[in-house]
Amino acid sequence: MKVYVITVILIVLMTYVGLLTADDIISHYPRTIVAEFFPSVNNQDNNRAYQGINYLTDRYNKKVFLPIRYYHSTVKEKFSSASVDNFIDGKDNFSYASLFVNNKSRISNTKLPIESGKPYDYLVQKQYYEPTPIKMDFKLFDLENGETEVELTLLSKNKTFDNALIRFVLVEDNVTADVTNLARDIVEFNFSLTNLNSPLILDAKFTLNEDYSTNDLKVVSYVIYNDEIIQATSSYDNYPHHLRAVFTHPRIDVGPSSGLFEAEYFYLYNFGATSDLTVEVLIDDAPEGWLLTYCDDHGSCYFGPKDFTLNDGEATSFHSNIVPESSGMIDYHFLVQSESMEDYIIPARFITHDVNILVVDGDGWENYEYYIEEPLQKNGYSFGTWCTTMSDIRQDVDVNTVIWISGEREPALSKKEISFLKRHLDKGNDLLLSGQNISHDLVESDIYNDIDFMGNYLNTYLVAVNNDDYKLTGVYEDPISSNITISLNNGDSADNQDVLSYISVKDEHKGVEIFHYDNNKSGAVRSLERNLVYLAFGIEGIDNYQDRQQILLNILNWFQVTDITIEILPEIDNKLQLYSGYPNPYFSNATSDYRSAGFKISYQVSENRINETSLKIYNIKGQVIKDFEELPLYEEEYGYVIWNGKDISGNNVSNGIYLYLLSDGVTNISRKLSIIR
């Protein structure tokens with residue numbers, strides 16, 4: 001039977017995969033990443049930051065990553081100029097060594113292991129696959145007179161840029177053994193780019209100093225719009241072999257737990273010599289029985305490797321096809337290989353939208369999600385993990401229970417993430433929020449603070465910073481923490497709890513403290529008006545598996561996580577049952593075999609309540625698309641109906657997930673079905 005299902009799915013794939021048009025390829029371009037470093041005014045931690053930046057320059061070539069260092073004359077006069085001073089004066093007072101990536105995100109927390117480069121690389125990876133609607137080519141840099149020139153082309157008919165800013169930066173490499181990529185001069189001005197596919201030439205002229213090493217001078221130029229660097233180019237040499245993937249959608253997809261999910265295309269660009277390449281898609285981790293294939297831009301689909309040729313400046317595209325057999329998650333990657341270059345790996349993830357729990361991996365460059373995933377897996381929970389390095393959390397993601405860990409990341413929570421969490425809680429959903437820096441960032445950070453979320457959602461206020469207290473005791477008879485004493489750091493923990501906070505409940509009518517340190521100050525709270533638990537420490541910091549598991553299970557029991565929605569009033573005895581529909585998925589366009597007969601929904605209803613019982617089918621928006629006005633009973637209290645995949649108006653419904661709900665006014669039972677045409 002499985003062979004037959006796969007055959008049908010492949011027929012569907014070959015029939016319905018759309019072909020890529022030329023407009024699809026040229027409407028965007030890979031975005032070059034600019035990393036701007038501002039040393040601290042007191043020189044503290046600068047050397048550690050240099051090590052981290054060097055890690056990035058070794059990992060990425062200059063077609064991907066352009067580092068620039070800016071020194072103010074008050075820090076090192078010989079490394080600055082009037083234009084550089086003016087540029088820095090318009091920014092923060094840099095008390096800490098700070099790295100900005102595309103002027104979109106930053107790291108200034110020098111307590112992080114910045115010398116490893118991993119915190120910085122986290123910012124780069126978040127933007128590595130992002131597209132931009134501007135193509136930017138470097139045209140000229142005259143070392144005699146300092147003239148420079150770039151060409152900009154608008155690729156998208158849906159974008160225009162009025163009053164954008166272009167900045168030209170004269171950069172000198174190898175200034176000293178410790179200083180390179182040094183900004184020597186800056187020229188900037190405003191411009192507009194509104195005409196599609198009409199190249200625009202912009203030029204500038206630098207003041208060249210005889211002390212500069214001519215052979216080490218380069219130009220970096222970038223465009224800023226809405227305070228974000230959206231494209232860049234440079235006079236650095238091109239590389240003979242260079243591939244770049246671009247996703248116009250998140251690299252994490254969410255879809256049904258059965259049937260076919262067809263991901264959107266991603267684009268593969270070649271910026272080097274013509275190359276003979278091989279591509280294939282490989283599963284890294286997935287539940288048993290899941291199927292993964294892929295298609296190219298001609299609509300041809302494959303299980304195994306495909307050979308193709310990509311010329312310099314050309315792009316092609318691929319997309320994955322996922323056929324899950326259960327709720328859960330699949331990690332996979334596209335592998336592109338050639339004899340002339342290193343393997344190019346493009347990771348992606350798919351999560352079914354009916355998982356019990358969504359773990360949000362907000363720890364940046366670490367793998368602390370393992371401390372949550374392990375007990376969930378061992379205790380049989382269906383879950384998916386949203387990695388914020390791969391993609392910002394989508395605002396439309398709707399999973400009843402979210403477990404969010406922040407690690408030591410800066411910021412602990414971004415503005416977009418706080419917006420998601422507010423919406424999630426406003427819907428009445430469950431949230432376990434865990435992280436050591438959260439309270440500090442929400443209250444004391446000039447950049448990341450959100451007093452509304454801290455006070456009105458978490459119902460807490462920051463009491464003080466905790467630097468040396470690592471033991472917490474639960475509250476007697478509390479459903480989560482009673483009879484539990486935990487220690488942070490050491491053991492098999494992540495050993496990462498360095499900046500803890502003492503917190504307190506803001507309104508005692510809306511929440512209670514559930515863990516206290518030895519000085520009786522609180523480290524965790526539980527809401528009385530929301531399904532919310534906030535741990536002002538990282539659950540990954542608990543020093544043994546047993547305590548981590550116990551706390552997690554207690555919280556989930558308090559949330560009452562369940563697979564199926566059943567609401568019963570205990571006073572009334574009834575026999576209402578709703579059985580799994582068949583076949584699921586339902587191939588409504590099948591012309592032969594049992595699938596063409598329709599989707600069979602079986603139920604059990606007490607005869608004395610049949611007139612009060614209804615069966616309705618809903619789409620994922622909650623709209624009723626089918627209402628069965630009569631529910632026949634064929635054997636005493638047992639019956640069934642056949643649905644032909646049409647809505648109330650007699651139109652075929654589209655592919656997707658639907659909910660069928662049986663209700664007798666007292667009990668509601670719902671199940672899910674998948675439609676494939």
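The single condition among (1) of a type outside the set (S, T, N, Q); (2) within 28 Å of Gly52 (Cα to Cα); (3) touching a Gly at 6+ places or on another chain (Cβ under 6 Å) that Met329 does not meet is (2).
Residues considered: Leu421, Leu432, Leu413, Leu458. Of these, the only one that is of a type outside the set (S, T, N, Q) and closer than 21 Å to Pro113 by Cβ is Leu413. Going residue by residue through the range 217-237, is there one that turns out to be within 30 Å of Ser327 (Cα to Cα) and either polar (S, T, N, Q) or out of contact with any His (no Cβ under 6 Å at 6 or more places or on another chain) (or both)? Looking through the range 217-237, none of the residues is within 30 Å of Ser327 (Cα to Cα) and either polar (S, T, N, Q) or out of contact with any His (no Cβ under 6 Å at 6 or more places or on another chain) (or both).
Within the range 608-623, being part of a loop (DSSP other than H, G, I, E, B) and buried (at least 16 other Cβ atoms within 10 Å of the Cβ) holds for Thr613, Asn619.
Could you tell me whether any residue of the range 333-350 is in a loop (DSSP other than H, G, I, E, B) and at positive phi? Scanning the range 333-350, I find no residue that is in a loop (DSSP other than H, G, I, E, B) and at positive phi, so the answer is no. None of Leu165, Leu200 is among the hydrophobic types (A, V, I, L, M, F, W, C) and farther than 30 Å from Ala273 by Cβ except Leu165.
Has the range 239-249 got any residue that is under 22 Å from Ile88 (Cβ atoms) and over 25 Å from the mean Cα position of the chain (by Cα)? Within the range 239-249, none of the residues are under 22 Å from Ile88 (Cβ atoms) and over 25 Å from the mean Cα position of the chain (by Cα). Looking only at the range 313-322, residues that are open to solvent by 40 Å² or more (accessible area, probe 1.4 Å) and either among the basic types (Lys, Arg) or at pLDDT 90 or above (or both) come to 1 in all.
Across the range 624-677, the number of residues qualifying as farther than 23 Å from Ser606 by Cα, of a type outside the set (A, V, I, L, M) and not in a strand (DSSP E or B) comes to 9.
Would you call Tyr381 among the aromatic types (Phe, Trp, Tyr), out of contact with any Gly (no Cβ under 9 Å at 6 or more places or on another chain), outside any helix (DSSP H, G or I) and open to solvent by 10 Å² or more (accessible area, probe 1.4 Å)?
On the way: among the aromatic types (Phe, Trp, Tyr): yes; out of contact with any Gly (no Cβ under 9 Å at 6 or more places or on another chain): yes; outside any helix (DSSP H, G or I): yes; open to solvent by 10 Å² or more (accessible area, probe 1.4 Å): yes.
So Tyr381 passes the test.
Count of the range 269-280 residues, restricted to those that are hydroxyl-bearing (Ser, Thr, Tyr) and either on the phi > 0 side of the Ramachandran plot or open to solvent by 20 Å² or more (accessible area, probe 1.4 Å) (or both), is 2.
Scanning the range 386-404 for residues that are open to solvent by less than 10 Å² (accessible area, probe 1.4 Å), assigned to a strand (DSSP E or B) and farther than 20 Å from Gln560 by Cα returns a single hit, Trp386.
For every residue, the table says whether it meets (1) without any contact (Cβ under 8 Å) to a residue 24 or more places away in the chain; (2) not polar (S, T, N, Q).
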{"position": "Ser235", "(1), (2)": "no, no"}
{"position": "Arg251", "(1), (2)": "no, yes"}
{"position": "Ala263", "(1), (2)": "no, yes"}
{"position": "Ile283", "(1), (2)": "no, yes"}
{"position": "Asp296", "(1), (2)": "yes, yes"}
{"position": "Pro324", "(1), (2)": "no, yes"}
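Would a scan of the range 455-462 turn up a residue that is touching a Phe, Trp or Tyr at 6+ places or on another chain (Cβ under 7 Å), open to solvent by less than 30 Å² (accessible area, probe 1.4 Å) and either without any contact (Cβ under 8 Å) to a residue 24 or more places away in the chain or of a type in the set (Ser, Thr, Tyr) (or both)? Within the range 455-462, one or more residues are touching a Phe, Trp or Tyr at 6+ places or on another chain (Cβ under 7 Å), open to solvent by less than 30 Å² (accessible area, probe 1.4 Å) and either without any contact (Cβ under 8 Å) to a residue 24 or more places away in the chain or of a type in the set (Ser, Thr, Tyr) (or both). Residues that are over 22 Å from Val84 (Cα atoms) and either part of a strand (DSSP E or B) or in contact with a His (Cβ under 8 Å, 6 or more places away or on another chain) (or both) within the range 164-197 comprise Ser192, Leu193, Leu196, listed in sequence order. Taking each residue of the range 95-111 that is over 18 Å from Thr389 (Cβ atoms) and open to solvent by less than 30 Å² (accessible area, probe 1.4 Å) and looking for partners that are charged (D, E, K, R) and assigned to a loop (DSSP other than H, G, I, E, B) with beta-carbon atoms closer than 6 Å, six or more apart or interchain, yields Ala97/Asp45; Thr110/Asp45.
The set of residues in the range 338-373 being within 24 Å of Glu130 (Cβ to Cβ) and among the polar types (S, T, N, Q) consists of Asn367 alone. Could you tell me whether the range 437-448 includes any residue that is at positive phi and open to solvent by 20 Å² or more (accessible area, probe 1.4 Å)? No, because not a single residue in the range 437-448 is at positive phi and open to solvent by 20 Å² or more (accessible area, probe 1.4 Å). Of everything listed in (1) among the aromatic types (Phe, Trp, Tyr); (2) closer than 25 Å to Ile542 by Cα; (3) assigned to a loop (DSSP other than H, G, I, E, B), the single unmet condition for Tyr502 is (3). Listed by position, the strands (runs of 3 or more DSSP E) enclosed by the range 228-268 that each have at least 2 residues that are small (Gly, Ala, Ser) and at negative phi are 228-234. Restricting the range 288-311 to residues that are open to solvent by 40 Å² or more (accessible area, probe 1.4 Å) and in contact with a Ser or Thr (Cβ under 6 Å, 6 or more places away or on another chain) leaves a set whose member that is modelled with the lowest pLDDT is Phe303.
Being in a helix (DSSP H, G or I) and within 27 Å of Gly538 (Cβ to Cβ): is that true of Pro411 here? Against the criterion (in a helix (DSSP H, G or I) and within 27 Å of Gly538 (Cβ to Cβ)), Pro411 does not qualify.
In the set (1) surrounded by fewer than 20 Cβ atoms within 10 Å (Cβ to Cβ); (2) over 15 Å from Arg244 (Cα atoms); (3) among the hydrophobic types (A, V, I, L, M, F, W, C); (4) touching a Ser or Thr at 6+ places or on another chain (Cβ under 8 Å), Ile283 fails one condition alone, (4). When we screen Asn270, Asn190, Asn209 for residues that are within 30 Å of Lys157 (Cα to Cα) and at pLDDT below 95, the only hit is Asn270.
Evaluating Val219 against the criteria (1) closer than 30 Å to Tyr586 by Cβ; (2) open to solvent by less than 40 Å² (accessible area, probe 1.4 Å) leaves one unmet condition, (1). Quick one: is Ile230 touching a residue at least 40 places away in the same chain (Cβ under 8 Å) and under 16 Å from Asp142 (Cβ atoms)? Answer is no for this residue. Between Leu432, Leu472, the distinction of being in contact with a Gly (Cβ under 6 Å, 6 or more places away or on another chain) and assigned to a strand (DSSP E or B) belongs to Leu472 only.
Among the residues of the range 25-39, is there at least one that is free of Cβ contacts under 8 Å to residues at least 40 places away in the same chain and either in a helix (DSSP H, G or I) or more than 30 Å from Ala315 (Cα to Cα) (or both)? No, because not a single residue in the range 25-39 is free of Cβ contacts under 8 Å to residues at least 40 places away in the same chain and either in a helix (DSSP H, G or I) or more than 30 Å from Ala315 (Cα to Cα) (or both).
Answer with yes or no whether Val169 is under 18 Å from His72 (Cα atoms) and touching a strand residue (DSSP E or B) at 6+ places or on another chain (Cβ under 6 Å). Criteria met by Val169. Quick one: would you say Gly328 is at positive phi, of a type outside the set (Lys, Arg), within 24 Å of the chain's Cα centre (by Cα) and open to solvent by less than 10 Å² (accessible area, probe 1.4 Å)? It is true that Gly328 is at positive phi, of a type outside the set (Lys, Arg), within 24 Å of the chain's Cα centre (by Cα) and open to solvent by less than 10 Å² (accessible area, probe 1.4 Å).
The values are calculated or read from the model by the stated rules, or taken from the named source; none is laboratory data. Keep in mind that this is a model prediction, so the values were computed, not measured. Reconstructed Cβ throughout: ideal geometry from the backbone, glycine too, with neighbour counts over all protein chains shown. Just so you know, the surface numbers come from the protein's heavy atoms only, side chains and all, with ligands and any DNA or RNA stripped out. Shrake-Rupley method; radii C 1.70, N 1.55, O 1.52, S 1.80 Å.
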